[in-house]
Structure formats: C-alpha cells, structure tokens
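Below: the structure, in structure tokens.
The values are calculated or read from the model by the stated rules, or taken from the named source; none is laboratory data. Everything numeric in this text was worked out from a predicted model, so none of it was measured. We place every Cβ from the backbone using ideal geometry, glycine too, and count neighbours over all the protein chains shown.
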Amino acid sequence: MYSVLAVEAFEASFTTEGNWFLKNVWLIPLLPAVSFFLILGFGKKMPKGGAEIGIAAIGAAFLLAIFANVAWIDHRDNFDGETQSAITGIVDSHSEDENALGDNTDANALGATIDVTDETGATETVDVELTAFVEAGEGGEESHPAIAVVTSQEWLVNGGIPFLVGTLLDGPSVMMLFVVTMISLLVHIYSTDYVAGDSRFTHYFAFLSLFSSSMLIFVLSRSTLQALVAWELVGVCSFVLIGHWWEEKPNSDAAMKAFLTNRVGDVGLLIGIIILFFSAGGTFDIIRINELALAGEISQTALTWAAISLTAAVMSKSGQFILHTWLPDAMAGPTPVSALIHAATLVTAGVFLVGRLYPVFFIGYGIDGSSINGLAIIGSITVVGAGLVAFVQDDIKKVLAYSTVSQLGYMVLALGVGAWTAAFFHLFTHAFFKAGLFLGSGSVAHAVHSFDMKKDMGGLRKYMPTTHKTFLICSVALAGVFPTAGFWSKDEILVGTGGLGVGSGSANGSYHLMLIMGLVGAALTGAYMTRAIYLTFYGEFRGHGEPHESGPRILWPLRILSVFALFGGLVNLPPGFITGSLEPWQERFFHFVEPAAAYFPGIGHAVPSYWLAVIASVIGLMGPAVAYWYYFIKVDGLAKSTGQKLTELPDGLVSNNKLAASGHAMLKNKYYLDHLYNDVIVAAVKGPIAKLAYRFNQHFLDEIVDTAGRTSVKTGQTIYSVIDQGLIEGTVNGSGKLSNRGGGILRKIQTGKIQQYAALLFAAATVLAGIFIVFV
Amino acid sequence: MTSALLLAQVEFDVAQNIAFAIIAAIMLISAFKMVTTGNVVHAALYLVIVLAASAAIFILLGSDFVGATQVLVYIGAIIVLFLFGIMLTKAQLGDDDSVEKEQRSMGALVGLLLFVVMAFALIDTFGTQEIEFGNPEPIAYVAEPVDANDLPTPVREALNISANSGTVEISEAQFATLLPEVQRRVPGAEVRGNNAQIADAIFSQYIIPFEAVSVLLLAALIGAVVVARKE
Amino acid sequence: MLLNQFLLLSALLFAMGVYGVLTRRNGVLVLMSVELILNAVNINLVAFGAFQDNVQGDVFAIFVIAVAAAEVGVGLAMVLLMYRNRRSIDFTEVDLMKG
C-alpha cells in the first residue's frame, strides 16, 4: 500500500523509547479525568466540596508536566535510542531541504549568520533554524533530532485498519502540557474563592477537571480520530461551564450559541479528517498523514480541500472572523472559566490543530513562497476587526474577549505565513497575560459585582492596588511593549510575515498585507487596553458601596501570571540579541518546541531586524498614546474641571461627525454579524423557507390534481373563446372536469382516519407480496 | 380443521393431532369472537383463551419454557394491563358494535386477502413436510439397577433382555452401543433439556439482543411513564 | 405432525388480528388485536424452531414476548393520553390528518 521509502521514514520519525516521564505521559490527562469522576461521586461529602480533589489532581498533573518538560529537554539534546541510525538519513535530507528553502546569504541584519566549517571542510552558511545541527557540527557528534516519543494502543480494528489511540509527545505538545496544567491549576485555586458558596460548586469543579483533561488528551492525541473525540469533549465541557448559571436565559443562550457555532466548525473538522483518512490510504495516524503529505504522496487537491475544511474548524473553535461571535457571548460563564477558555484550553485547540497537522496546511495552502492564503487572510482580518470592536465594548470581559479573538488572529496569521514557532511562542506568552487579565477582571468584578466599566467601575486603583498592578503589567505585555513577553512574540510574528522586505527574504514568503494588518492590530491593542484601564482603574469610582481588594487565593495567581507576563518572553530571545552569536540558550524555545523530524515541514525562519522592532514599537505605542491623550488628559481633565463622572467626551467625534457615528454604530453592533445570523439566515429558514415547505405540503401536493383540473378548464375556456365551440369545447371541458373529479376522488383517500390508512397499507403490502410470490 | 385435507395424506401421531385440532378450534373460535364481540371485557377474556391456547400449542411443540413464559407474561401481566386500560378509559362495558359496515367489509376483505396469499405461499412452499421431533443425545449416564419389566421395549430389544429377567443393570459399555434415540430412554440417562439449551443460547449467542431487549424495556417503561403522566 | 398445520393456524390468527386492527373502534381493542398478530408470529417462530430442531425459534419467541410487553405498555399509555385529551378512545374520531 505504501512505498517502502515512506514506511521507513515513518518508522524513523518517532520512538517508543525514552524517559519514564515521556513514556507515561498519559498519566497527565488521566489524573484530572479520574478526579472528574471522584468529584462527581464524592465531592458533595468532602469538606471543601470536591475542590481539593480537583486541585490535587491538576497539581499532580502540573508536576508531571514539569517533569515531562525536563525529560523532553534532555531527550531533545541527548536522545540516543535504537532508531538513531535510521534517523540520520532523514535528518540529512531534511537539513538539505531547509538549506534549499532559504537563501541566507544576506540574512545578516543582526549578524546572526555564522559560518560553520564542518568535518569535511566545506563552508556553509547556516541560519538560525539549523541551530540543532550547528551544535552537532561543532561538537563533532551525531545530531540529535527532536523525534517524538509515542505510545500507542490499538483501540479497535475495522476492515483491517487499526484505530490507534495513544500519546504523541513532541515539542508543541510538551509545551501545551505545561501551559494547560499551569493555567488550569491557577484557575482551580482562584475558583475556590471566586465561586465559593455557589450552589453548584462541586459540579463546577468536576467539569473544570474534565475540561482540563480533555484539552490534555487533545494535545497528546496520536491520531486524528482521538483528536476529534477530545475536541468534542472540550466543546461539551465548554458548553456546560459557559452555561454554569443557566437559570438566567442569556447564559444558557450563550452556552447554546457557543455549542452550535462550534458544531459548524466540527463538521469541517470531520470532513477534513475524512479527506485525510482516504487520501493518506486509510490512516488516522497524525505522524503518517504529515509524512505522506510532505513526501508528496497525497495529492495537492486533497490537501487543499482538507486544509480548507480544517480551517473552518479553526475558525469556529479559535474564534476567527466570521465565526467568532460565540466567543464574546461565552463571557456569560464564570470568569475563571473564561480565563481557562481564553488562555489555555478550547480556543487554543484550533491553533494547536493547525500546528499539529501543519504539513497539510503548508503544502495545501502553498504557504511557502506565497504572499497570500486562506489562513493568513482570516487571521489578519480577525486581528484588526476584533481589535476595533474591542474599542467600543463597555463590558470589561467583552473587551478582553475581543482582545483574545484579535490575538488568536495573530496566531492564525503567523501559522498562515509559515511562522510556526512564532505562532506557538505567541500562544505560550498570550496564555499568561490573557489569563492574568481575565483573572484580574474577575477580581475587579468580585469587588464591584458587575462587569460594566462605565457604570460600576473607575478609580479602582486606590481600592485594589495589587489587582491594578498585575492588570497593568499584563496589559503592557498584551500591547507588546518592550521588554515584556508580548513584545518578543508579536515581533517574531511580524518579522515572520516577510512583508515589505523584512527579514531579508529569510521568511517563507512575502506577506505584505499581513505585516501591515499586524502593525495596525498592535496599535489597536494598546489603544483599547489603555481605554479599559482608564475606565476601570482611573477617574472617579462610579459604582456603589466600598470595593475592597480580593483575597490571597485570587491575588497569588495574579502575581504569578504577571511575573510570567513580564519574563515569559525571555525563553525565546531572537538569536544574537545580546551577544551577537548563536549562543544556544537564546534559542531554547525554538529548539525544543519545533519538531525537527520528517513529519514537519522544513520551514524558513525569519531573521529578526532591529528597524522592524523599533517601527513596530513606535506604531504599537501610538495607539495607546492617542487613547491616553483622549482619556487620561481630555476626559479626565474635563471630569476634574466640571466635577462630573465622565467616561467619554460629551461632544466627541462620534456625536459630531456622521461618518464616525455610523462607524461607531457598526462596531457597537459587531459588524451586524449576529443580525446576519439571527435575522437573515435563521429568519429565512424559519420564515419564507418554512412557509414555502408548508405551502408545498398543504397546497401543492394536495391540490396538484385540482390545480391541473382548473388549469385545464381555464385553458379550455381560452380556446373556447378564441377558436371554436362544439366538439372542441366538449372535449376540453370534459378533460377539465375529469381532472377535477380525479382530484376529488384522490382527495377522499385523505380521510385522516388511521384505520383506513392501515387498511390501505395492509392491502398494498398483501398485493405486493402476492405479486412477489406469483411472479418470482 | 385447517389442514384436514393435508393430514389425510400422511401418517400421523393420532393423540397429538387430536390435541392440536381441539386447541386450534378453541383458539380460532375465541379469536374470531374477540375481534367481533361488542363487549370490551368479553373481548379481553377471549384474548385470554387465545393466549392460553397458544401456550398449549407451544407445549405441544415441545417448547414448554416458551409456553410457561407465555402464560406468565401474557396472561399474568399483559391482560391485566389491558383490563386496567379498559377501566381507566371508561370504555363502554356493553356493546361497542357500531363499526361502520363499509369499514368492516373492507377489513374483512383485507384480512381474507392476506390469509389467501399467506396460505397459498405456505402450502406452495412447505407442502407436507413433517416436524421431526429431535432426539438429543444423552449427555451423561449413571448405571442403576432396574426391573427389566420397566425398561422400554426398544431398549430390551436392542440389548436382548426379556421382560421377565428380573432386576438388571445396564453397564456403560452396553449403553454406549445403543443408538441415541434409544439411549435417551434408558433410565438413568440424563438428557439435556430444551430449557437448558434456551438458557445457553440466550446468555451466549444472543447476549447482545438480550441486553438490547432489556434496554428497550427500560426505555418503554420510562416512555410510558412520561407519556401517561399527568402534568 | 405437519409443519403447515401450525403455519396455517398462525396465518389465520394473523388475518383475524389484522381484521381486528382495521375494524375495532376502541383503542384498547385495537391493541389487543395487535397482540393477536404478535402471537401468530410467535407460533410461527416456535413451529420453525421445532421443525429445524434448534432453540433459535424459542429464543426469538421469548424476545417477541418481551417486546410485546413493551409495546403494550407504551401503547396503553398513548391510549390513556388520548383519552385524557379527548375524553374518548374512538379511533374513528381521530382524523386530524384529514386532507
């Protein structure tokens, strides 16, 4: 079925050997899954309502995830398993491919390119992507590729095709293990305070556990089928958690909306998986599909269609324009759940899916050497579109929700332009500051019992200093200000677009539009966060009562997350940033996360440029500067001079300029997408289409004979008046009457009496049986 | 009654056929009364007779377990359910014989047509094939002394034992020489019964249908409660 | 004994059941007629089981009995519901599907 070459390559790109923590990584999702059942079963009887089981399980999973990360780092550098010799050949061809991909001769913006003389004495130019091999070359040893550690279990065999389940552990999944377990642990701790006293406290923690577990299963999925199951599980859990307070109609509506919108994408995922299954010769194995796609064994057409179908899945799950509308509504859920959804689970699933099946997209969309493709377009529209909407939201959580949509747009954009590592790096850093922001907004809401920034907040920095500080740090990181985490990841994405000549042609293509959209998005991000911070923490307090700072179980997660938001970017500094040479420690993230094996495409890595970083920073700060001038100087000044509690200028642009007003209205209505879905599509199905079907039933079928009769009569009358009477008249009228009477007779059968229907049924069946017996 | 013409052509076991004829006659008459009587309660009682008669038919066919189940489930439970239904719906206990003539003749026509087609197909296909009651092999034999006079004639003939030879004991070696249908008539031979076979079949070969039926019963139970519950 | 004597008996019973289903106006009586039909099927099954000298017929007859019990339960519940809504269980009055 497969060519010998493909099978050999397949066997060589993973191993079943490795550290205990790598081979038993299935324990990590198992722990929260067990805790789910334990909490459901015994949670109510526990002194803390089951929260302790959940925290213990996710805490243990977090520890295991750390050990797995450490073991992976060791494995990546020192793996010396049995399959070593087989790998070498592939690695060689792989590195040749990479060399062929990027012409690096002038990629020296940072002086990052160095010449390496290997043992044969030939001099070759090596850019950053070859770090792993550089080390090997320098040491004179054999290279150690990042080959995945897998375990597999035959789930069932159908038609001779084994359906595998198991774990596939490599760079991206090991990173996700860390992110998911850490955010989940912090959210668990935070929730013990936040949802304390809730009537469904136990139920909440049970599903928090299952949610984490299903996301962990997803990132470890061995086969597309397993990924689908986990994907659906994640969807179900999000439905349950978003609708946690289902007694209020908007909440249950939001849950339903999230679920149904996701179903749209799930169909895409299913179709994509089916296309890949058949075009890869009947396999669900992710590694094999990737390898066959790269080896050119799957036709370009099939890959393109699979990529398009999977893009639909990503659009719904990761909230990309135009299927993003559920995500802001999902704010109806408890805030810690929002943090978990937006930072680590659920929405990142879509991004991870693309990263996992990257060859399908890389080849299918022809990412390499192009300047536009589906993923990049969707991503860049989302970056700007959601950023604009975030600017007019009054609900602090909705600002953050649209911000997430926008940031996910960055990740999808990065994947679309081939900057795989940048996308995952942004996912990594974004998880920390977005979780920090959501938990911070939860802390604020906990104090003022509202999410409305304009009505119930303002001036909170005096009452909640710690929340204010952490929120500020996370916002700065989100806006991508040097040197916080967001700066490094955003900059890497921007340079990865390769547009307008940045990266000196070392990127995969030249995506000019994406670079511009990314820069605009960066400015917007800073602007809407400045507005949110002003409305929440500055000015005069507009709410009721005396807000007070939250307890330690809420503040400590905030502090931890803001530390990560500040320093998380340091794991992936651009090469040569400090020393000007390819010191290994500056490329840790790329080195450990990006798979360098035969199932991953040889993508180019853009060389960072100082001037882009400076320009991006300037543009990124322009947004906040304008917002700062408007809110902190104009609005605040006016408020102080008039003594009013103002949130906007009374005679601002919106009230004076017609164009601005209509733009504002459009943003307020979120581009009328919900109207499109509800009023146009749903109403069309409910209204005209349903009516049409009803009419078809009622009139068309029943009266078709009558109508035929009537038409005949009319025709007859026309002929009568126009041509002649006599014979013709008689015939025509007769036929008309006949049709009419026939209709009448047929109508009589529709008596509505069930027993007559049954009699007809029996009689017809008997007659048919009789015919069958006699003639057959 | 129904197959008198066919029966005339073949030899048959008189006692069993007489029993069959009686049962069949009772059954058909009751069934006819059931579908024509105007009295609802009488109809239910006629149904009891039909069901009991069919239990008798099952036993006649050697399926005593099905017969017993029939009596327990149908006559014991389902009929009671019907009587409850009759009471709860306050159906007229007296005559309910106002069925339109047109509808009745139509029903009769359909029923007759159905029977003719089926009868034709059955006679055409199975003709005069006989049911051979099986002779399952004994699964165990424990030799025990027995009066020769009590032994069945085929056993005595096969082993050359005269009726007046007093107490004899048939050894296992002798037992092994007998044909299966003779073996099972020797005292002390243990025959695997029909019930044991049914149990084996249900809990091994048909375990999944069995489970499915149990789920179906549960679903029907819940469904009935939901449908009939007062709001 | 002949196989056909049982099969013909069952066919006659079946036909009578169909007649009952088609002509009885009382919902409960219609359900009873359905039982007649199911019973006819059971006789068929057991007769074929004996004919082929195995227990499959018996096993399926037992399944049919169980399914019939479920059917009666749900059917009577529906008749009861109909009675509650319309104060009548006359099937000839149920003609909302009239065209």
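Going by what's in this entry, would residue A:746 be described as away from chain C (no Cβ under 11 Å), assigned to a helix (DSSP H, G or I) and not small (Gly, Ala, Ser)? No. Determine if the stretch A:137-149 includes at least one residue that is at pLDDT below 85, in a strand (DSSP E or B), surrounded by 24 or more Cβ atoms within 10 Å (Cβ to Cβ) and not charged (D, E, K, R). Looking for residues that are at pLDDT below 85, in a strand (DSSP E or B), surrounded by 24 or more Cβ atoms within 10 Å (Cβ to Cβ) and not charged (D, E, K, R), one finds at least one in the stretch A:137-149, hence yes. Of the helices (runs of 4 or more DSSP H) lying entirely inside the stretch A:570-688, those containing at least 3 residues that are modelled with pLDDT of 70 or more and under 30 Å from residue A:15 (Cα atoms) are A:588-593. Output the residues belonging to the stretch B:38-53 that are more than 7 Å from chain C (Cβ to nearest Cβ) and either free of Cβ contacts under 8 Å to residues at least 24 places away in the same chain or of a type in the set (Lys, Arg) (or both). Once the filter is applied, which keeps residues that are more than 7 Å from chain C (Cβ to nearest Cβ) and either free of Cβ contacts under 8 Å to residues at least 24 places away in the same chain or of a type in the set (Lys, Arg) (or both), the stretch B:38-53 yields B:42, B:45, B:46, B:49, B:52. Going through (1) part of a loop (DSSP other than H, G, I, E, B); (2) touching a Phe, Trp or Tyr at 6+ places or on another chain (Cβ under 6 Å) one by one, residue A:296 falls short only on (2).
Has the stretch A:364-373 got any residue that is buried (at least 24 other Cβ atoms within 10 Å of the Cβ), part of a helix (DSSP H, G or I) and either of a type in the set (S, T, N, Q) or out of contact with any Cys (no Cβ under 9 Å at 6 or more places or on another chain) (or both)? Scanning the stretch A:364-373, I find at least one residue that is buried (at least 24 other Cβ atoms within 10 Å of the Cβ), part of a helix (DSSP H, G or I) and either of a type in the set (S, T, N, Q) or out of contact with any Cys (no Cβ under 9 Å at 6 or more places or on another chain) (or both), so the answer is yes.
Residue C:15 - would you say it is more than 11 Å from chain A (Cβ to nearest Cβ) and out of contact with any strand residue (DSSP E or B) (no Cβ under 6 Å at 6 or more places or on another chain)? Quick ask: steps written out before the conclusion?
Details: more than 11 Å from chain A (Cβ to nearest Cβ): no; out of contact with any strand residue (DSSP E or B) (no Cβ under 6 Å at 6 or more places or on another chain): yes.
Considered against the rule, which asks whether it is more than 11 Å from chain A (Cβ to nearest Cβ) and out of contact with any strand residue (DSSP E or B) (no Cβ under 6 Å at 6 or more places or on another chain), residue C:15 comes out as no.
When the residues of the stretch C:53-72 are narrowed to those that are not in a helix (DSSP H, G or I) and not aliphatic (A, V, I, L, M), which ends up farthest from the other protein chains (Cβ to nearest Cβ)? Ranking the qualifying residues of the stretch C:53-72, first place goes to C:54. Within the group B:176, B:143, B:199, which residue is over 30 Å from residue C:45 (Cβ atoms), outside the structural domain of residue B:63 (by TED's automatic domain parsing) and either at pLDDT 80 or above or surrounded by fewer than 14 Cβ atoms within 10 Å (Cβ to Cβ) (or both)? Just one listed residue meets the conditions, B:176. Under the condition of being under 14 Å from the mean Cα position of the chain (by Cα) and in contact (Cβ under 8 Å) with a residue 60 or more places away in the chain, the residues counted in the stretch C:1-47 number 4.
Any residue that is of a type in the set (D, E, K, R), modelled with pLDDT of 90 or more and out of contact with any helix residue (DSSP H, G or I) (no Cβ under 6 Å at 6 or more places or on another chain) - is there at least one of those in the stretch C:31-51? Within the stretch C:31-51, one or more residues are of a type in the set (D, E, K, R), modelled with pLDDT of 90 or more and out of contact with any helix residue (DSSP H, G or I) (no Cβ under 6 Å at 6 or more places or on another chain). Residue C:96 meets each of the listed conditions (1) in a helix (DSSP H, G or I); (2) at the interface with another protein chain (Cβ under 7 Å from one of its Cβ atoms) apart from (1). Do we have residue A:221 as free of Cβ contacts under 8 Å to residues at least 60 places away in the same chain and more than 16 Å from the chain's Cα centre (by Cα) here? The answer is no for residue A:221.
Filtering the stretch B:17-37 to residues that are within 8 Å of chain C (Cβ to nearest Cβ) and either surrounded by fewer than 22 Cβ atoms within 10 Å (Cβ to Cβ) or aliphatic (A, V, I, L, M) (or both) leaves B:17, B:24, B:27, B:28, B:31, B:32, B:34, B:35.
Condition check: assigned to a helix (DSSP H, G or I) and closer than 16 Å to residue C:69 by Cβ. Does residue B:78 satisfy that? When the stated conditions are applied, residue B:78 passes them.
The rows are residues; the columns are (1) buried (at least 23 other Cβ atoms within 10 Å of the Cβ); (2) more than 18 Å from residue A:358 (Cβ to Cβ); (3) in contact (Cβ under 8 Å) with a residue 24 or more places away in the chain.
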| residue | (1), (2), (3) |
| --- | --- |
| A:293 | yes, no, yes |
| A:297 | no, no, yes |
| A:303 | yes, no, yes |
| A:307 | yes, no, yes |
| A:310 | yes, no, yes |
| A:320 | yes, no, yes |
| A:327 | yes, yes, yes |
| A:335 | yes, yes, yes |
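Those residues that are small (Gly, Ala, Ser) and under 16 Å from residue A:25 (Cα atoms), I need them from the stretch A:204-222; list them, please. Passing the criteria: A:212, A:213, A:214, A:221.
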